[in-house]
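The values are calculated or read from the model by the stated rules, or taken from the named source; none is laboratory data. Keep in mind the model is a prediction, meaning the values are calculated, not measured. We place every Cβ from the backbone using ideal geometry, glycine too, and count neighbours over all the protein chains shown.
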Amino acid sequence: MKKSSFVAMVLGTVSGVLFALGMCMALLPEWNAFKPGIIFGCIGVILGIITVVIWRRMEGKQPVHLSGKAILTATVGIIGALALGTGMCFSMVWEQMVLGIIAGLVGIVILLCLIPLTKGIK
């Protein structure tokens, strides 16, 4: 394993855990930790952005350039993840299994659209 991959893996894991913990703290009223949760979540997001910058520098790659395709790809990914998560909530939290399965499948199809969007069709 290359040094840059190891550093990116460790920093990515730490940032993901901080973000997830922060969102749990903020969104679970039983924990009564909304403000610290927001802080943890923001630290996780900032560390994730720093991870991308550090990894790209260690790999000798150019900084990320925002183009229309990059923005479209991020938007499709966000919409797909939200649809999949909504389907999971319908199924597991709100006990509406059929609607949850349909919403989850729509989210999976949207996420699968990312493959030809990023790699292209040859």
*Going by the structure shown, is K61 at pLDDT below 95, closer than 25 Å to P116 by Cβ and surrounded by fewer than 15 Cβ atoms within 10 Å (Cβ to Cβ)?*
yes
*Taking the range 1-44 on its own, how many of its residues are among the hydrophobic types (A, V, I, L, M, F, W, C) and surrounded by fewer than 14 Cβ atoms within 10 Å (Cβ to Cβ)?*
11
*Quickly run through the range 68-112 and pick out the residues that are farther than 22 Å from L27 by Cβ, of a type outside the set (A, V, I, L, M) and within 16 Å of the chain's Cα centre (by Cα).*
T73, T75
*Does any residue of the range 33-56 turn out to be charged (D, E, K, R), within 26 Å of G120 (Cα to Cα) and free of Cβ contacts under 8 Å to residues at least 24 places away in the same chain?*
yes
*For the range 82-112, enumerate the residues that are aliphatic (A, V, I, L, M) and crowded, with 16+ Cβ neighbours inside 10 Å.*
A83, L84, A103, V106, I110, L111
*Of residues in the range 113-122 being of a type outside the set (V, I, T) and surrounded by fewer than 11 Cβ atoms within 10 Å (Cβ to Cβ), the one farthest from the chain's Cα centre (by Cα)*: K122
